[in-house]
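Structure first, commentary second.
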Amino acid sequence: MEVEGEEQTSIWNKETVPKVMKIVSTRLAQRDLISLLLLSPWIHRTLISYPSLWLSIDLREMNNAGDRLIAALSLPRYQHVKQISLEFSQDIDDDHLEVIKSKCLGSLQDLESLNLNGCQKISDKGIEAVTSCCPKLKVFSIYWNVRATDEGVKHLVKNCKYIVDLNFSGCKHLSDKSLQLVADNYPELESLNLTRCVKMTDSGLQQVFVKCSFLQSLNIYALSSFTDEAYKKISVLSHLKFLDLCGAQNLSDDGLSCIAKCKKLVSLNLTCLFGIVGVTDKCLEALSKSCANTMTTLDVNGCIGIKRRSRDDLLKLFPYLRCFKVHS
């Protein structure tokens, strides 16, 4: 009986416990997972043996992020990492990314998503270094980067050919040159965020409309510089589902009638603190004719030319509407 008990314990340790560990570990945050490695050599060996646990590096809001990233990429378990988030992390700059390029090039060959949001010390030089290591990159986000310029985007399109999701929100030095580069190189782009990219104009945006016909999500929040002229060609975006035009003070019914031709629109944001005076009830009628069966979210708060409506009235225009806001 004692021998049989030992055999059962052995089976439990060799087969059952590892399976349980794998199930539990997939539900843990990466930081907790790393802490588990320190508990015992056995746990360390068990967790390391599961490659699927080490496909992401999460250094969000952490200090010494540059040194931590270099150290992580030097470990064998991260040789096939697919996602890296450095969102609002501290102490990472161009020099760290240059070191990664020279010493950890192989570790980023499978990288698909890179989040550099809020990394204020990274410039075009760092963008060039890190993107040169990521030939399979699909998602690139540099929200609130005030050092990036059109030159950085030039490096991006040269090094990364498969981008489908771009976030340039708050990159105030990017201009129409960046939009032209995006339009010329990413015809299969699905998501684009240009919030507060104040140097961009109607001409640049139209290039994206014409050449990036697979766009599903477009965010041009807080860009009052765009006019109706920019939206004349938006109807070619037959896959567009989400459009954020918050703050589009120069938008009128003419521009919105062009937008209404995007027949798959699910969500439209026309909020404006200072009021959009050129948009009237006429636009709701145009939207209803083409998007009645798809629209679920509509915010026209700030469109002072649109009269208040009850929920029932709005549902007559958009029967699938779940979230709506009209000015008070």
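List of remarks:
- Principal-axis tilt of helix 176-185 within the chain, Cα atoms, nearest 10 degrees: 60
- From the alpha carbon centroid of segment 271-328 to that of segment 92-149 is 41 Å.
- Spacing of the two label points (7 Å from each Cα toward its C-beta) at Lys282 and Leu75, in nm: 6.2
- In segment 148-266, the C-alpha radius of gyration followed by the widest Cα-Cα span (Dmax) gives 13.1, 41 angstrom.
- For segment 199-204, Karplus couplings with θ = phi - 60° (6.51, -1.76, 1.60), whole Hz, Gly/Pro x: 8, 7, 10, 3, 4, x
- Surface accessible to a 1.4 Å probe, per residue, for the residues of segment 178-328, Å²: 46
- Considering only alpha-carbon pairs that sit under 8 angstrom and 6 or more positions apart, the relative contact order computed for the chain is 8 percent.
- Share of carbon and sulfur in the accessible heavy-atom surface of the chain [1.4 Å probe, %]: 53
- When each of the peptides 104-113, 315-324 is scored by how many other beta carbons lie within 10 Å of its residues on average, the order from highest to lowest is 104-113, 315-324.
The values are calculated or read from the model by the stated rules, or taken from the named source; none is laboratory data. Since the structure is predicted, the reported quantities are computational estimates derived from the model, not experimental observations. Using ideal geometry, Cβ is built from the backbone for each residue, glycine included, and neighbour counts are taken over all protein chains shown. Calculation scope for accessible area: heavy atoms of the full protein, side chains included, ligands and nucleic acids excluded. Shrake-Rupley method; radii C 1.70, N 1.55, O 1.52, S 1.80 Å.
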